[in-house]
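Written below as structure tokens is the structure these notes are about.
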Amino acid sequence: MILSPQSGSLKSGKLLAVMGPSGAGKSTFLDLISQRVQPSDQNASILFDGTADFKMRDIGSYVEQEDALIGVLTVHETVDYAARLSLPPSAPRPAISQLVSDTLTSLGLTSVRNNRIGTPIQRGVSGGEKRRVTIACSVVSRPKVLVLDEPTSGLDSTGGWGVVQSMKKLARKTNTIVIATIHQPNWETFSLFDEVLFLARGKCVYHGPISGVIPYFSQVGHPCPPHSNPADHVISLINVDFSHSVTTTSPPSEQEIEVRPTPDVPLTQPGALSQEDHERRVQYLADSWSERGAAFIASLPTPVEGEHGNTTGETAGSEELAERVLPMALSLRVESRGRGLGNALNLSVYRTGILMERSVLNYRRNLLAYGIRVGMYAGIGLLLATIWINLGTKDTKINDRLSVHFFSVAFLGFMSVAGIPSFLEERAVFVRERNNGLYGPGAYVIANSLVTIPFLFSCSVLFAVICYWAIGLRPGATAFFRFLSFLFLGVYNAEAQSVFVAAVIPIFVAALAIASFMNGFWMCVQGYFIRAVSLPRFWYYWAHWIDYQTFAFNLLVRNDLTGLVFQCTRLDNGGCQCSYPSSLVASGQCALTGEDVLDNLGIGGFSIGLYAGIMILIAVIYRVLFYVALLLRKR
């Protein structure tokens with residue numbers, strides 16, 4: 001059992017800290033509260049405003065421990081896109097802008113609103129500011145419940161205090177319930193919370209006001225030492241991970257552990273208790289809370305009205321904003337469900353447009369991900385143009401032409417793996433936004449598929465313009481644009497394959513290895529290194545015919561050779577030697593046609609439209625698999 005039965009409540013405008021050592025059940029508790037997992041006890045229930053008929057994705061937002069942000073966007077742009085994705089199309093743009101500004105002000109981000117988040121080659125905001133931006137993306141939609149997993153992770157004490165202080169102001173201002181796991185806060189940060197839930201081995205040992213921690217644990221025989229942080233004191237009591245053998249000559253008895261308020265051996269002294277003693281103490285604390293907790297909480301003085309919750313002074317400045325925007329924010333996900341197919345379709349199209357806009361901005365600014373890729377395509381084009389320069393129409397150059405088309409398809413396809421890091425960054429953002437109910441995988445897949453087209457087409461144009469005429473491929477505008485179209489289809493298929501692999505295996509090194517292997521495999525079975533008819537039948541009948549490189553290579557070769565006449569070598573004895581069997585030698589011409597080469601290669605009789613259609617079908621299949629991978633893998 002990871003988490004024992006729990007019971008408790010929390011009011012609007014309050015902050016609850018969930019604390020405990022590793023393995024205490026904190027993350028499971030958050031997952032249950034957020035309805036990400038279901039309790040094994042069918043009688044268990046989570047109520048909101050007294051009813052269990054609600055969906056947390058409709059009213060709440062979850063902030064993951066890791067910051068998932070797009071580095072090239074500014075702080076304001078990041079929160080603005082989150083707000084637009086959260087709110088329905090009917091939300092007025094001025095109201096959204098005001099909501100974003102109010103959120104940035106509440107979280108102390110106004111001074112860095114125009115600073116970029118940051119990338120590996122461009123420094124951005126600090127770690128604490130990035131953490132607050134992540135929180136801002138969740139609270140900008142004004143959820144009724146905000147759940148945070150380690151919001152102060154990786155921050156120093158001052159940064160952690162600033163984050164919690166910002167959450168407290170926001171909770172008071174917007175009347176939001178805030179539940180956060182937190183690790184080792186100092187007293188200043190700990191005291192900002194209204195209540196705390198201490199968990200040990202899945203059991204509750206205390207759940208109540210911060211002010212009651214010291215008196216309660218004194219009451220059960222474990223007073224907090226002078227000048228000690230109560231949070232650290234309780235964690236040291238319930239942490240059994242680093243228990244050692246008894247190091248004292250006279251260890252405390254079971255009665256001393258359970259009852260005595262001042263045991264002979266300090267219970268917080270490292271190594272003073274055995275593993276068994278630690279386990280008994282945790283069980284004693286859990287039993288004590290079960291028996292005495294309700295009476296202890298009832299004995300505490302009632303907080304003065306206005307001390308907690310939504311005070312008039314804190315909300316006066318935002319009442320007008322809340323009246324205009326808050327209802328729209330809270331009704332978004334309800335509006336997107338159960339109100340007709342037309343409304344759902346409208347929302348999906350609206351969100352897809354926003355995702356496309358954000359992706360285009362990312363493409364324009366992300367030099368590391370996309371600028372370098374453009375340079376790579378241009379560099380490969382320049383490489384081919386200078387190595388296979390001016391091939392001409394001698395039959396001895398036919399194999400060189402085949403090499404050009406092979407390298408064009410295979411190596412440009414290989415370059416698709418360079419887009420995996422950028423996709424993984426976007427995927428992390430997608431997972432965060434999807435888990436908070438902003439949109440589904442369908443909107444993201446459509447946006448990604450459409451925005452990728454102009455970028456990859458531009459790269460294909462750049463490559464083709466640099467090398468096509470320099471190499472001396474088949475002249476004419478029609479031949480050039482066909483070359484460009486077939487090349488683009490090959491590059492798009494390679495991109496679709498790479499993002500599919502990265503969606504299934506969202507680990508950069510593993511995705512890079514698998515995608516590279518697949519590209520290498522397609523190169524082997526596509527029919528250049530070994531002619532297709534010579535392939536072992538096992539590989540020929542399936543791998544060769546599902547390989548997008550097979551169709552791209554054949555299309556490029558046929559487009560280039562059709563209509564060309566290649567001059568063969570005239571021998572000293574007057575004979576003619578051609579690299580391939582020629583239909584022209586019999587008529588007295590020492591030459592062969594491009595059709596002769598195609599027939600000899602076994603690629604002269606296919607339908608260009610059919611092959612192009614198959615490549616489009618393969619791309620669609622990859623995109624469908626991409627959708628399924630995102631749908632099934634939620635983390």
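The values are calculated or read from the model by the stated rules, or taken from the named source; none is laboratory data. The shown structure was predicted, so the numbers you read here are calculated from the model rather than taken from an experiment. Note: ideal-geometry Cβ built from the backbone for every residue, glycine included; neighbour counts use all protein chains shown. Areas reflect the complete protein model, heavy atoms only, side chains present, ligands, DNA and RNA absent. Shrake-Rupley method; radii C 1.70, N 1.55, O 1.52, S 1.80 Å.
Can you list the chymotrypsin sites (Phe, Trp or Tyr not before Pro) in region 513-544 that are in a DSSP coil and have 12 or fewer other beta carbons within 10 angstrom? Don't skip to the end; give the middle numbers.
On the way: sites: 517, 521, 522, 528, 529, 538, 539, 540, 541, 542; in loops: 528, 529, 541, 542.
Sparse-neighbourhood loop chymotrypsin sites (Phe, Trp or Tyr not before Pro): 529, 541, 542.
Taking the C-alpha atoms only, the angle from helix 548-561 to the longest principal axis of the chain is near 30 degrees.
Here each label is just a point 7 Å from Cα along the line to Cβ, and for residue 382 and residue 624 those points are 4.2 nm apart. Each of 555, 115, 126 was placed along the dipole of the chain (beta-carbon charges, centred on the mean Cα), and the one lying farthest toward the positive end is 555. Taking Cβ separations below 4.7 Å as the criterion for a possible disulfide partner, the isolated cysteines in the chain are 137, 204, 224, 459, 467, 524.
How many percent of the accessible area of region 543-635 is carbon or sulfur, using a 1.4 Å probe? Here it works out to 61 percent.
Over the chain, what is the percentage of antiparallel beta bridges among all DSSP beta bridges, to the nearest 5?
On the way: 14 of 32 bridges.
The answer is about 45 percent antiparallel.
Bridging of residue 55 to lysines at a Cα separation below 28 Å is possible for 11, 14, 26, 144, 168, 169, 173, 203, 634, once same-chain residues fewer than 8 apart are set aside. Sorted largest first, the principal axis extents computed over the alpha-carbon atoms of region 1-146 equal 49, 38, 22 Å.
Over the chain, what is the relative contact order in whole percent, taking alpha-carbon pairs under 8 Å and six or more residues apart? Please list the in-between numbers first.
Details: 932 pairs, mean separation 87.9, N = 635.
Computed over the chain, the figure is 14 percent.
Against the main long axis of the alpha-carbon atoms of the chain, helix 75-86 sits at an angle near 90°.
Could you size up the charge dipole of the chain around its Cα centre, putting +1 on the beta carbon of Lys and Arg and -1 on that of Asp and Glu, and report it in debye to the nearest 20? Don't jump to the answer; show the numbers that get you there.
Numbers: 51 positive and 49 negative charges, 406 e Å.
The calculation lands at about 1940 debye.
Building the convex hull from the alpha-carbon atoms of the chain and averaging its projection over directions returns 38.1 nm². Region 460-496 and region 371-443 have Cα centres lying 13 Å from one another. The order of the peptides 116-125, 369-378 by mean Cβ neighbours within 10 Å, most packed first, is 369-378, 116-125.
Stretched out straight at 0.36 nm per residue, the stretch from residue 35 to residue 300 would grow longer than its current Cα-Cα span by 92.2 nm.
Please say if region 464-524 is rounded, prolate or oblate, where rounded means a/c under 1.5 for a ≥ b ≥ c the square roots of the C-alpha gyration tensor eigenvalues, and otherwise the choice is prolate for a/b larger than b/c and oblate otherwise? Walk me through the numbers on the way to the answer.
Numbers: a/c = 3.47, a/b = 2.78, b/c = 1.25.
Prolate, since a/c reaches 1.5 and a/b exceeds b/c.
Subtracting the Cα-Cα distance of residue 211 and residue 586 from 0.36 nm times their residue separation leaves 124.6 nm of extension gain.
Carbon-plus-sulfur accessible fraction, region 179-246 (probe radius 1.4 Å, protein heavy atoms only): 56%.
Against the chain, whose longest principal axis comes from its Cα atoms, helix 477-504 is set at around 30 degrees.
Which whole-number value in Å² is the accessible area per residue of the chain, probe 1.4 Å?
Values: 28210 Å² over 635 residues.
Per-residue value: 44 Å².
Quick one: which of 14-20, 180-186 comes out on top by average Cβ neighbours within 10 Å, and what's the full order, highest first? Before the final figure, lay out each step's value.
Working: 14-20: 23.3, 180-186: 19.7.
Highest mean packing first, the order is 14-20, 180-186.
With the simple spin-label model, which puts each label point 7 Å out from Cα in the Cβ direction, the residue 481 to residue 458 separation comes to 2.1 nm.
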